[in-house]
Amino acid sequence: MSQEERDLSAYLEGIAAAEDDSPGEEPPPEDSEAEPPAVQEDEEVGSFTLGKCNYCGREWGVTLEGAKGGGYPTQKTANAAATRVCDCPEAVENRKPEIGVAFAVTTGACRYCGQLQEVGPHPSQTAADETVTEVCSCPSARTARRIAEQIEDAQSRVNRLFGEGAEALGFKPIAGDGAIELLERVVELIARGPISSASLNIRGQCKAKFSITSKGKIKVSRSETRSCDLEAGE
Ligand SMILES: [Zn+2]
Ligand SMILES: [Zn+2]
(Lines give C-alpha, C1' and ligand atoms only; values in the text may rest on other atoms or scores of the structure.)
(Ligands and ions follow the chains in the order given, each with its own letter.)
Protein backbone atom coordinates (compact mmCIF):
# COMPACT_ATOMS: atom_id res chain seq x y z
CA MET A 1 0.00 0.00 0.00
CA SER A 2 1.36 3.42 -0.85
CA GLN A 3 1.23 6.20 1.69
CA GLU A 4 -1.46 8.00 -0.23
CA GLU A 5 -3.69 4.97 -0.41
CA ARG A 6 -3.41 4.34 3.30
CA ASP A 7 -4.30 7.91 4.13
CA LEU A 8 -7.28 7.88 1.84
CA SER A 9 -8.82 4.78 3.30
CA ALA A 10 -8.22 6.02 6.81
CA TYR A 11 -10.06 9.17 5.87
CA LEU A 12 -12.94 7.20 4.44
CA GLU A 13 -13.24 4.95 7.43
CA GLY A 14 -13.39 8.09 9.50
CA ILE A 15 -16.41 9.19 7.53
CA ALA A 16 -18.05 5.80 7.86
CA ALA A 17 -17.45 5.75 11.58
CA ALA A 18 -18.73 9.29 11.98
CA GLU A 19 -21.87 8.37 10.12
CA ASP A 20 -22.36 5.25 12.08
CA ASP A 21 -24.23 6.63 15.00
CA SER A 22 -26.72 9.12 13.81
CA PRO A 23 -27.78 10.67 10.52
CA GLY A 24 -28.74 13.81 12.44
CA GLU A 25 -26.69 16.96 12.73
CA GLU A 26 -25.84 16.65 16.38
CA PRO A 27 -24.42 13.38 17.59
CA PRO A 28 -26.16 12.19 20.75
CA PRO A 29 -24.11 11.97 23.92
CA GLU A 30 -22.17 8.71 24.15
CA ASP A 31 -24.04 7.09 26.99
CA SER A 32 -27.51 7.68 25.55
CA GLU A 33 -26.67 4.94 23.01
CA ALA A 34 -28.30 2.05 24.82
CA GLU A 35 -31.63 3.69 25.60
CA PRO A 36 -33.18 5.29 22.50
CA PRO A 37 -34.93 2.23 20.99
CA ALA A 38 -37.26 1.86 23.97
CA VAL A 39 -38.08 5.56 23.96
CA GLN A 40 -38.80 5.59 20.24
CA GLU A 41 -41.02 2.56 20.43
CA ASP A 42 -43.13 3.97 23.20
CA GLU A 43 -43.79 6.99 21.06
CA GLU A 44 -44.75 4.86 18.11
CA VAL A 45 -47.97 3.54 19.56
CA GLY A 46 -49.47 6.95 19.89
CA SER A 47 -52.80 8.59 19.88
CA PHE A 48 -52.91 11.12 17.09
CA THR A 49 -55.89 13.41 17.24
CA LEU A 50 -54.63 16.05 14.83
CA GLY A 51 -54.22 15.25 11.15
CA LYS A 52 -53.12 17.27 8.16
CA CYS A 53 -54.94 17.15 4.84
CA ASN A 54 -52.67 15.48 2.30
CA TYR A 55 -53.67 18.03 -0.33
CA CYS A 56 -53.96 21.46 1.29
CA GLY A 57 -52.13 20.80 4.56
CA ARG A 58 -54.91 22.19 6.72
CA GLU A 59 -55.14 20.61 10.16
CA TRP A 60 -58.24 18.86 11.42
CA GLY A 61 -59.08 17.36 14.76
CA VAL A 62 -59.78 13.66 14.25
CA THR A 63 -60.98 11.00 16.65
CA LEU A 64 -61.09 7.27 16.34
CA GLU A 65 -63.86 5.57 18.24
CA GLY A 66 -62.83 2.53 20.20
CA ALA A 67 -59.14 3.35 20.10
CA LYS A 68 -56.94 3.85 23.13
CA GLY A 69 -56.79 7.58 23.77
CA GLY A 70 -59.40 8.22 21.11
CA GLY A 71 -56.80 9.04 18.45
CA TYR A 72 -55.31 7.34 15.45
CA PRO A 73 -52.35 5.01 15.96
CA THR A 74 -50.02 6.77 13.52
CA GLN A 75 -49.61 10.26 12.08
CA LYS A 76 -50.19 8.74 8.65
CA THR A 77 -53.60 7.34 9.55
CA ALA A 78 -54.54 10.61 11.28
CA ASN A 79 -53.58 12.49 8.12
CA ALA A 80 -55.68 10.11 6.04
CA ALA A 81 -58.63 10.78 8.34
CA ALA A 82 -58.08 14.54 8.04
CA THR A 83 -57.95 14.21 4.27
CA ARG A 84 -61.29 12.40 4.35
CA VAL A 85 -63.00 15.25 6.19
CA CYS A 86 -61.22 18.18 4.52
CA ASP A 87 -63.38 20.28 2.23
CA CYS A 88 -60.67 21.62 -0.07
CA PRO A 89 -61.38 20.93 -3.77
CA GLU A 90 -58.54 18.38 -4.18
CA ALA A 91 -59.61 16.35 -1.17
CA VAL A 92 -63.26 16.39 -2.26
CA GLU A 93 -62.32 15.42 -5.80
CA ASN A 94 -59.97 12.62 -4.79
CA ARG A 95 -62.14 10.87 -2.25
CA LYS A 96 -65.11 10.40 -4.56
CA PRO A 97 -64.07 7.18 -6.28
CA GLU A 98 -62.92 5.37 -3.15
CA ILE A 99 -65.49 6.46 -0.63
CA GLY A 100 -67.28 3.10 -0.87
CA VAL A 101 -64.25 1.03 0.06
CA ALA A 102 -62.48 3.63 2.20
CA PHE A 103 -64.83 3.04 5.08
CA ALA A 104 -65.09 -0.69 4.69
CA VAL A 105 -62.34 -1.92 7.02
CA THR A 106 -61.58 -0.32 10.37
CA THR A 107 -60.02 -3.21 12.28
CA GLY A 108 -56.77 -4.93 11.48
CA ALA A 109 -54.76 -7.84 12.85
CA CYS A 110 -51.05 -7.85 13.63
CA ARG A 111 -49.23 -10.06 11.16
CA TYR A 112 -47.12 -11.53 13.97
CA CYS A 113 -49.33 -12.00 17.02
CA GLY A 114 -52.79 -11.66 15.48
CA GLN A 115 -53.93 -9.06 18.01
CA LEU A 116 -56.84 -6.99 16.69
CA GLN A 117 -56.80 -3.24 16.85
CA GLU A 118 -59.06 -0.41 15.77
CA VAL A 119 -57.16 1.71 13.23
CA GLY A 120 -59.81 3.69 11.39
CA PRO A 121 -61.03 3.33 7.83
CA HIS A 122 -58.68 1.55 5.43
CA PRO A 123 -59.23 0.67 1.78
CA SER A 124 -58.55 -3.02 2.34
CA GLN A 125 -58.01 -5.63 5.03
CA THR A 126 -54.38 -5.91 3.99
CA ALA A 127 -53.87 -2.17 4.49
CA ALA A 128 -55.55 -2.28 7.91
CA ASP A 129 -53.43 -5.28 8.94
CA GLU A 130 -50.35 -3.40 7.83
CA THR A 131 -51.16 -0.41 10.02
CA VAL A 132 -51.78 -2.63 13.04
CA THR A 133 -48.49 -4.43 12.40
CA GLU A 134 -46.79 -1.02 12.24
CA VAL A 135 -48.04 -0.04 15.68
CA CYS A 136 -48.35 -3.37 17.52
CA SER A 137 -46.13 -3.65 20.57
CA CYS A 138 -45.55 -7.41 20.48
CA PRO A 139 -41.86 -8.45 20.41
CA SER A 140 -41.93 -9.75 16.82
CA ALA A 141 -43.51 -6.58 15.45
CA ARG A 142 -40.98 -4.48 17.37
CA THR A 143 -38.09 -6.53 16.05
CA ALA A 144 -39.42 -6.30 12.50
CA ARG A 145 -39.68 -2.52 12.80
CA ARG A 146 -36.18 -2.25 14.20
CA ILE A 147 -34.78 -4.34 11.34
CA ALA A 148 -36.72 -2.38 8.73
CA GLU A 149 -35.38 0.85 10.22
CA GLN A 150 -31.83 -0.50 10.25
CA ILE A 151 -32.11 -1.53 6.60
CA GLU A 152 -33.49 1.82 5.54
CA ASP A 153 -30.82 3.67 7.45
CA ALA A 154 -27.93 1.59 6.07
CA GLN A 155 -29.32 1.76 2.54
CA SER A 156 -29.39 5.52 2.72
CA ARG A 157 -25.71 5.40 3.71
CA VAL A 158 -25.03 3.14 0.74
CA ASN A 159 -26.58 5.78 -1.46
CA ARG A 160 -24.60 8.57 0.14
CA LEU A 161 -21.33 6.71 -0.32
CA PHE A 162 -21.87 5.01 -3.66
CA GLY A 163 -24.97 6.45 -5.30
CA GLU A 164 -26.13 9.87 -6.40
CA GLY A 165 -25.24 11.35 -3.03
CA ALA A 166 -21.57 10.35 -3.33
CA GLU A 167 -20.57 13.63 -4.94
CA ALA A 168 -21.34 15.53 -1.77
CA LEU A 169 -18.62 13.48 -0.07
CA GLY A 170 -16.16 14.01 -2.91
CA PHE A 171 -16.68 10.62 -4.59
CA LYS A 172 -17.96 9.60 -7.96
CA PRO A 173 -21.23 7.70 -7.97
CA ILE A 174 -20.43 4.13 -9.00
CA ALA A 175 -21.37 3.11 -12.49
CA GLY A 176 -22.89 -0.14 -13.60
CA ASP A 177 -26.38 -1.48 -13.78
CA GLY A 178 -27.50 -3.20 -10.64
CA ALA A 179 -24.38 -2.44 -8.59
CA ILE A 180 -26.14 -0.16 -6.09
CA GLU A 181 -29.01 -2.62 -5.88
CA LEU A 182 -26.57 -5.37 -4.97
CA LEU A 183 -25.02 -3.25 -2.22
CA GLU A 184 -28.48 -2.48 -0.88
CA ARG A 185 -29.31 -6.17 -0.93
CA VAL A 186 -26.13 -6.97 1.01
CA VAL A 187 -27.14 -4.47 3.68
CA GLU A 188 -30.54 -6.11 3.91
CA LEU A 189 -29.07 -9.58 4.36
CA ILE A 190 -26.74 -8.30 7.06
CA ALA A 191 -29.67 -6.72 8.91
CA ARG A 192 -31.74 -9.88 8.61
CA GLY A 193 -28.91 -12.09 9.79
CA PRO A 194 -27.62 -14.53 7.19
CA ILE A 195 -24.53 -12.47 6.29
CA SER A 196 -22.23 -10.97 8.91
CA SER A 197 -19.81 -9.03 6.76
CA ALA A 198 -18.96 -8.50 3.10
CA SER A 199 -16.39 -6.87 0.93
CA LEU A 200 -16.92 -6.12 -2.74
CA ASN A 201 -14.68 -4.68 -5.42
CA ILE A 202 -16.33 -2.24 -7.76
CA ARG A 203 -14.34 -2.68 -10.93
CA GLY A 204 -11.89 0.12 -11.49
CA GLN A 205 -13.48 2.33 -8.89
CA CYS A 206 -13.44 1.34 -5.27
CA LYS A 207 -14.00 -1.20 -2.57
CA ALA A 208 -17.19 -1.52 -0.56
CA LYS A 209 -17.00 -3.00 2.92
CA PHE A 210 -19.85 -3.95 5.18
CA SER A 211 -19.63 -5.04 8.77
CA ILE A 212 -21.45 -4.88 12.07
CA THR A 213 -20.07 -2.73 14.85
CA SER A 214 -19.86 -3.89 18.44
CA LYS A 215 -23.04 -1.90 19.05
CA GLY A 216 -24.84 -3.97 16.44
CA LYS A 217 -24.96 -1.25 13.82
CA ILE A 218 -24.24 -1.80 10.16
CA LYS A 219 -21.08 -0.05 9.06
CA VAL A 220 -20.68 0.84 5.41
CA SER A 221 -17.33 2.02 4.10
CA ARG A 222 -15.92 2.96 0.76
CA SER A 223 -12.24 3.02 -0.07
CA GLU A 224 -10.76 4.14 -3.33
CA THR A 225 -8.18 1.82 -4.83
CA ARG A 226 -6.04 4.53 -6.30
CA SER A 227 -2.33 4.86 -6.05
CA CYS A 228 0.23 6.89 -7.86
CA ASP A 229 3.99 6.42 -8.12
CA LEU A 230 6.26 8.81 -9.91
CA GLU A 231 9.85 7.86 -10.42
CA ALA A 232 12.68 10.24 -11.14
CA GLY A 233 12.60 11.36 -14.75
CA GLU A 234 8.90 10.62 -15.36
ZN1 LIG B 1 -57.50 19.80 2.18
ZN1 LIG C 1 -48.27 -8.03 17.24
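Restricting attention to the range 137-168, and to residues there that are touching a helix residue (DSSP H, G or I) at 6+ places or on another chain (Cβ under 8 Å) and not in a helix (DSSP H, G or I), which single residue is farthest from ligand 2 (Cβ to nearest atom)? Don't jump to the end; show me each part of the working.
Taking the range 137-168 and keeping what is touching a helix residue (DSSP H, G or I) at 6+ places or on another chain (Cβ under 8 Å), we get 137, 141-142, 144-147, 150-151, 154-155, 157-163, 165-166, 168.
Subsequent filtering for residues that are not in a helix (DSSP H, G or I) retains 137, 163.
On the way: S137: 7, G163: 34 Å.
Result: G163.
Going by what's in this entry, would N79 be described as within 16 Å of ligand 1 (Cβ to nearest atom), under 25 Å from E130 (Cβ atoms), in a helix (DSSP H, G or I) and modelled with pLDDT under 85? If you could, list the steps in order and put the result at the bottom.
Details: within 16 Å of ligand 1 (Cβ to nearest atom): yes; under 25 Å from E130 (Cβ atoms): yes; in a helix (DSSP H, G or I): yes; modelled with pLDDT under 85: no.
Spelling it out, it is not the case that N79 is within 16 Å of ligand 1 (Cβ to nearest atom), under 25 Å from E130 (Cβ atoms), in a helix (DSSP H, G or I) and modelled with pLDDT under 85.
What are the residues in the range 46-75 that are free of Cβ contacts under 8 Å to residues at least 40 places away in the same chain and among the charged types (D, E, K, R), if any?
The answer is K52, R58, E59, K68.
The conditions are (1) within 16 Å of ligand 2 (Cβ to nearest atom); (2) out of contact with any helix residue (DSSP H, G or I) (no Cβ under 9 Å at 6 or more places or on another chain); (3) not aromatic (F, W, Y), and Q117 fails exactly one of them. Which is it?
The number of the failed condition is (2).
Yes/no matrix, rows are residues, columns are (1) surrounded by fewer than 18 Cβ atoms within 10 Å (Cβ to Cβ); (2) away from ligand 1 (no atom under 16 Å from the Cβ); (3) among the charged types (D, E, K, R):
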residue: L50; (1), (2), (3): yes, no, no
residue: Y55; (1), (2), (3): yes, no, no
residue: G66; (1), (2), (3): yes, yes, no
residue: G69; (1), (2), (3): yes, yes, no
residue: E90; (1), (2), (3): yes, no, yes
residue: A128; (1), (2), (3): no, yes, no
residue: E134; (1), (2), (3): no, yes, yes
residue: A144; (1), (2), (3): yes, yes, no
residue: E149; (1), (2), (3): yes, yes, yes
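So that you can scan it fast, the table gives a plain yes or no per residue for (1) over 17 Å from E152 (Cα atoms); (2) touching a strand residue (DSSP E or B) at 6+ places or on another chain (Cβ under 7 Å); (3) of a type in the set (V, I, T); (4) crowded, with 18+ Cβ neighbours inside 10 Å:
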residue: G176; (1), (2), (3), (4): yes, no, no, no
residue: L200; (1), (2), (3), (4): yes, yes, no, no
residue: A208; (1), (2), (3), (4): yes, yes, no, yes
residue: G233; (1), (2), (3), (4): yes, no, no, no
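Restricting to the range 185-234, name every residue that is touching a Phe, Trp or Tyr at 6+ places or on another chain (Cβ under 7 Å), farther than 15 Å from I147 by Cα and not charged (D, E, K, R).
S197, A198, A208, V220
E41 fails exactly one of the following numbered conditions: (1) among the acidic types (D, E); (2) assigned to a loop (DSSP other than H, G, I, E, B); (3) at pLDDT below 75. What is the number of that condition?
(2)
Can you go through G108, G100, G114 and tell me which one is more than 16 Å from ligand 1 (Cβ to nearest atom), part of a strand (DSSP E or B) and either at pLDDT 90 or above or surrounded by fewer than 16 Cβ atoms within 10 Å (Cβ to Cβ) (or both)? Quick ask: steps written out before the conclusion?
Values: G100 fails: part of a strand (DSSP E or B); G114 fails: part of a strand (DSSP E or B).
Criteria check complete, one pass: G108.
Taking the range 120-136, which residues are in a loop (DSSP other than H, G, I, E, B) and either under 11 Å from P73 (Cβ atoms) or near ligand 2 (Cβ under 7 Å from one of its atoms) (or both)?
From the range 120-136, those in a loop (DSSP other than H, G, I, E, B) are 123-124, 136; that's our starting set.
Across the range 120-136, the qualifying residue is only C136.
The values are calculated or read from the model by the stated rules, or taken from the named source; none is laboratory data. Values in this document were obtained by computation on a predicted structure and should not be read as measured data. Here Cβ is always computed from backbone atoms with ideal geometry, including for glycine, and neighbour counts include all displayed protein chains.
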